[in-house]
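These notes concern the structure reproduced below.
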Amino acid sequence: MEVTCRVRRYNPTTDEKPYYATYTVEVESTDRVLDVLNEIKWHHDGTLTYRRSCAHGVCGSDAMRINGRNRLACKTLVKEVGDRITVEPMMGFEVVRDLVVDLDSFFEKYKSVKPYLINDDPPPAGERLQSPEERELYDDTTKCILCGACTTACPSFWGNREFVGPAALVNAHRFIFDSRDKGLDQRVGAVGSREGVWRCRTIFNCTDACPRGIKVTKAMEDVKRKLLYD
Amino acid sequence: MYHKYDVVVVGGGGAGLMAALQLARVPGIRTAVVSKLYPSRSHTGAAQGGIGAALGNHEEDHWEWHMFDTVKGGDYLTDQDAAEIMCHNAVETVYELEHLGLPFSRTPQGKIDQRRFGGHTRNFGEGPVRRSCFAADRTGHMILQTLYQQCIKHEVEFFSEFQVLDLILNDGVCCGVVALNVRDGELHTFHAKAVMLATGGYGRAWKITSNALASTGDGVAIAYRQGIPLEDMEMYQFHPTGEYKLGILISEACRGEGGMLLNDKGKRFMERYAPTLLDLAPRDMISRCIYQEIKEGRGINGQDYVHLDLRHLGREVIESKLPDQADFIRVYLGIDPVTELVPTQPTAHYAMGGIPTDLDGRVTVDERNTPLPGLYAAGECACVSVHGANRLGTNSLVDIVVFGRRAGKDMAEFVAHNELVPLPPKPDAYASAQVKELLGRTEGESVADIRTELQAEMMDKVSVIRSEETLCHAQAKVQELKERYSRAAIQDRQSWFNTELTEALELGYLLDISETVIAGALARKESRGGHYREDYPDRDDKRFLRHTLIYNRGEGIQVAYKPVKITRFEPMERKY
Ligand SMILES: Cc1cc2nc3c(=O)[nH]c(=O)nc-3n(C[C@H](O)[C@H](O)[C@H](O)COP(=O)(O)OP(=O)(O)OC[C@H]3O[C@@H](n4cnc5c(N)ncnc54)[C@H](O)[C@@H]3O)c2cc1C
Ligand code: SF4
Ligand code: FES
């Protein structure tokens, strides 16, 4: 089928301001939006710039706005979005080039919640035990691929770029609810601060945006409850 | 720009991060991880099914059994000293990963859960054993995340979206790498006492593949261009169950949980070929059996695919143990595995061959295993060789963590006892000329077309079944494509985040790699593991129980051989 794809393009080193370029390409309805971008890049305009790697929704490279919604280009099929596709970079980060945004601050915020197991007890010879029920408490938030779709869909983040954002909080949740972790005190600084979880206004955009189906808003609610009642 | 470190690790997948973590724990050693992707985007994150270790959490198991399976699975081309280390160390390494925070799935007793996987058996082949330790069906994702998190904790320095273009050698010693900062196009020289290549696989040489777009074999090709021989390149694994036409992997975990392969008659055809292990026979065998079924007209509707049946597992098992698999099948094939049959075909999956190393990850440069001082490699880009002619499922994740760790520890020793070797004059000359040429050429054929032709040729002529005829055809084709590539042009002339440039460089690597795969396959006139020659259908231990080494000698390719290390298990006929 023929698809018309409008792409928001911008190269800050050469373009005065962003503009939209329109491409018409032949693809299958079962192709991914990433296939559309590849078709453009490989056969129409080699200068089109985006990140990609795994091409099946597990590496987190190609989160972008597709017809106004944050999605992974490789996990969105043409038949879901129709033959007129508008592709734009995620909102709230500086554009490096076309669909590529600057992720430095995103990863800095991720690091700020100390996203690693904190437990200084000497480990046993075998594994530390954890029941399936204990593990289930944080199963959902282990799925995060750090794509940034949630954070850049969040109005609280658009309003205040200091907000640590849902992605970092999902990863804080992953450790706070891990029975093996003892680092809550060390995380309270970033997680419980003014720019931490309390900026979440439960708008649910993040949950809608997450390509891994993580209940992002619920995870933040869990964290709030933990800070209040534990 | 110039940087000085003790160690530079190229690649932020499981192998690179495991090494970096060992180094980060030693005070005073400065390490940089240079990676063309953000580490968390590495293809280790795509690994699904599990990591093999004889923990025996469900039933009796021993690392010796694991070793036997690994050697037999590799059709006896496995170096047994390496397999012994891997299978023995697997146990403590899996516990170490758990201690680092890896969220393994758990047994009711709270231990690490384990499932069956192809080729893994109890008591030297008696029947399947539960050896694959898993975190749902995202084990690789959890390994990658856990190691990345620990590297953050230990303040490892990362240079992300830096694409390495060359190794720097001075008088036979490795002393750094040259990398392109993709963001602004600047070349950086990393001067170091030790360099480790951990750049992963090269499935993108084939049309149908489970590998990421970034899996283009950069490190392997870069080493080859520097005169380092490549080992057993003809040994490339086709995984039996890729999504039809897409190649996206459907994990063996599906069959580990009880899934079955069916032909057009609805018959479980593996009963005929592997009566003991059935659908859990090793991958090379199953892929060949699928080709056989298709050849004999029993592909679905006479076409080139078969069905994977998961329906009898029931919704609950599928949703709880294979959630990502179900998701991939639903999203990309538009099929519900709970009620429908899944169309699958063999997909280019894993490189058993690669850069030769010794047991500590030191790169070796000849038939006598002489190490090249300062250069290390581990993970899919390396060949220790633990996988021989065919890797068992779950053994790559073991390989990357066990040998990533060993390389890390050895580098820590090495840098403590060695001085920094000075850089040669103009260390970035080759890289800089390559980039200038591609950015400067205004007219020429498109890189994408050459890549498409390469991938089609490799799929058609150099995949599951090969012969003198198909290989010679492919050899001539690759020569032609290389020639065309030398005149190809890109449209993007910017230095700023130029991904057309990086893709063009990657195609150069794929072409070199394809050439070595074909050369190895032509020279190996026998069938063994993943390498099947129609014209030489039997294994020939007399002539070919040895490793192929392919050298790049400027004007041409030279093939040499080195012996296989056999310690505990004498080669036997391989039946399942
Ligand atoms: C879909 C799939 C499922 C799998 N499932 C399993 C499984 O269940 N069990 C198992 O044991 N194995 C599995 N495997 C195999 C296993 O995942 C891989 O072999 C392994 O993860 C490779 O790890 P690595 O660290 O060597 O490379 P990768 O994880 O691929 O990392 C390569 C790194 O090198 C970097 N890099 C590459 N080129 C350059 C360059 N030029 N400059 C700078 N950096 C560069 C990349 O950025 C990346 O960080 C699976 C593979 C696939 C494709
Ligand atoms: S929580 Fe979901 S949307 Fe947010 S970064 Fe992780 S995977 Fe992406
Ligand atoms: S390319 Fe990996 S998530 Fe889309």
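The values are calculated or read from the model by the stated rules, or taken from the named source; none is laboratory data. Just so it is clear, the structure is predicted and the values come from calculations on it, not from any experiment. For neighbour counting, all protein chains shown are included, and Cβ atoms are generated from backbone atoms with ideal geometry for every residue, glycine included. To get the accessible areas, we keep the full protein, side chains included, count just its heavy atoms, and leave off ligands, DNA and RNA. Shrake-Rupley method; radii C 1.70, N 1.55, O 1.52, S 1.80 Å.
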One residue from B:Lys409, B:Lys482 being within 30 Å of B:Asp69 (Cα to Cα) and either in contact with a His (Cβ under 8 Å, 6 or more places away or on another chain) or surrounded by fewer than 19 Cβ atoms within 10 Å (Cβ to Cβ) (or both): B:Lys409
Out of everything in the range B:67-109 that is more than 24 Å from B:Arg283 (Cα to Cα) and of a type in the set (Phe, Trp, Tyr), what residue ends up being farthest from the other protein chains (Cβ to nearest Cβ)? B:Phe104
For B:Val71, state whether it is over 22 Å from A:Pro122 (Cα atoms) and either of a type outside the set (A, V, I, L, M, F, W, C) or in a strand (DSSP E or B) (or both). no
Given (1) of a type outside the set (Ser, Thr, Tyr); (2) within 11 Å of chain B (Cβ to nearest Cβ); (3) surrounded by 22 or more Cβ atoms within 10 Å (Cβ to Cβ), number of the condition A:Val95 does not satisfy: (3)
Would you mind finding the one in B:Leu420, B:Leu392 that is under 15 Å from B:Val195 (Cα atoms) and assigned to a loop (DSSP other than H, G, I, E, B)? B:Leu420
Is one or more of the residues making up the range B:16-39 under 22 Å from B:Gly140 (Cα atoms), part of a helix (DSSP H, G or I) and within 16 Å of ligand 3 (Cβ to nearest atom)? yes
Looking at this structure, is B:Thr216 closer than 26 Å to B:Pro425 by Cβ and touching a residue at least 24 places away in the same chain (Cβ under 8 Å)? no
Only one of B:Arg568, B:Arg543 is surrounded by fewer than 18 Cβ atoms within 10 Å (Cβ to Cβ), outside any loop (DSSP other than H, G, I, E, B) and more than 22 Å from the chain's Cα centre (by Cα); which? B:Arg543
Residue within the range A:31-41 that is surrounded by fewer than 24 Cβ atoms within 10 Å (Cβ to Cβ), in a loop (DSSP other than H, G, I, E, B) and more than 16 Å from ligand 3 (Cβ to nearest atom) present: no
Do we find a residue being under 26 Å from A:Pro166 (Cβ atoms) and within 14 Å of ligand 2 (Cβ to nearest atom) anywhere in the range A:77-90? yes
Residue in the range B:470-477 that is surrounded by fewer than 23 Cβ atoms within 10 Å (Cβ to Cβ) and touching a Pro at 6+ places or on another chain (Cβ under 7 Å) present: no
Of the residues A:Arg212, A:Arg225, only one is within 16 Å of ligand 3 (Cβ to nearest atom), out of contact with any strand residue (DSSP E or B) (no Cβ under 9 Å at 6 or more places or on another chain) and of a type in the set (D, E, K, R); which? A:Arg212
Those residues that are of a type outside the set (S, T, N, Q) and open to solvent by less than 10 Å² (accessible area, probe 1.4 Å), I need them from the range A:165-178; list them, please. A:Gly165, A:Pro166, A:Ala167, A:Ala168, A:Leu169, A:Val170, A:Ala172, A:His173, A:Arg174, A:Phe175, A:Asp178
For the range A:136-161, which positions are touching a residue at least 12 places away in the same chain (Cβ under 8 Å) and within 19 Å of B:Thr146 (Cβ to Cβ)? A:Leu137, A:Tyr138, A:Asp140, A:Thr141, A:Thr142, A:Lys143, A:Cys144, A:Ile145, A:Leu146, A:Cys147
Considering only residues that are of a type in the set (A, V, I, L, M, F, W, C) and over 17 Å from the mean Cα position of the chain (by Cα), which ones fall in the range A:103-162? A:Leu117, A:Ile118, A:Ala125, A:Leu129, A:Leu137
Selection within the range B:55-73 - under 22 Å from the mean Cα position of the chain (by Cα) and open to solvent by 10 Å² or more (accessible area, probe 1.4 Å): B:Phe68, B:Lys72
For the range B:476-506, give me each residue that is more than 9 Å from chain A (Cβ to nearest Cβ) and not in a helix (DSSP H, G or I). B:Ser486, B:Arg487, B:Ala488, B:Ala489
Kindly check whether there is at least one residue in the range B:30-53 that is more than 30 Å from B:Arg539 (Cβ to Cβ), open to solvent by 10 Å² or more (accessible area, probe 1.4 Å) and free of Cβ contacts under 8 Å to residues at least 12 places away in the same chain. no
Filter result (away from chain A (no Cβ under 12 Å) and open to solvent by 40 Å² or more (accessible area, probe 1.4 Å)) within the range B:445-460: B:Glu445, B:Glu453, B:Ala456, B:Asp460
Those residues of the range A:91-120 which are β-branched (Val, Ile, Thr) and away from ligand 2 (no atom under 14 Å from the Cβ), in sequence order: A:Val95, A:Val96, A:Val100, A:Ile118
Would you mind stating whether B:Lys265 is more than 18 Å from B:His349 (Cα to Cα), open to solvent by 10 Å² or more (accessible area, probe 1.4 Å) and of a type outside the set (Gly, Ala, Ser)? yes
By residue number, the members of the range A:42-76 that are more than 9 Å from ligand 3 (Cβ to nearest atom), open to solvent by less than 10 Å² (accessible area, probe 1.4 Å) and either among the polar types (S, T, N, Q) or facing another protein chain (nearest Cβ under 7 Å) (or both) are A:Gly46, A:Thr49, A:Thr76
Regarding A:Val113, is this residue open to solvent by less than 40 Å² (accessible area, probe 1.4 Å), more than 11 Å from chain B (Cβ to nearest Cβ) and away from ligand 3 (no atom under 16 Å from the Cβ)? no
Within the range B:198-209, restricting to residues that are within 16 Å of ligand 3 (Cβ to nearest atom) and open to solvent by 10 Å² or more (accessible area, probe 1.4 Å), the one that is farthest from B:Asp512 (Cα to Cα) is B:Gly200
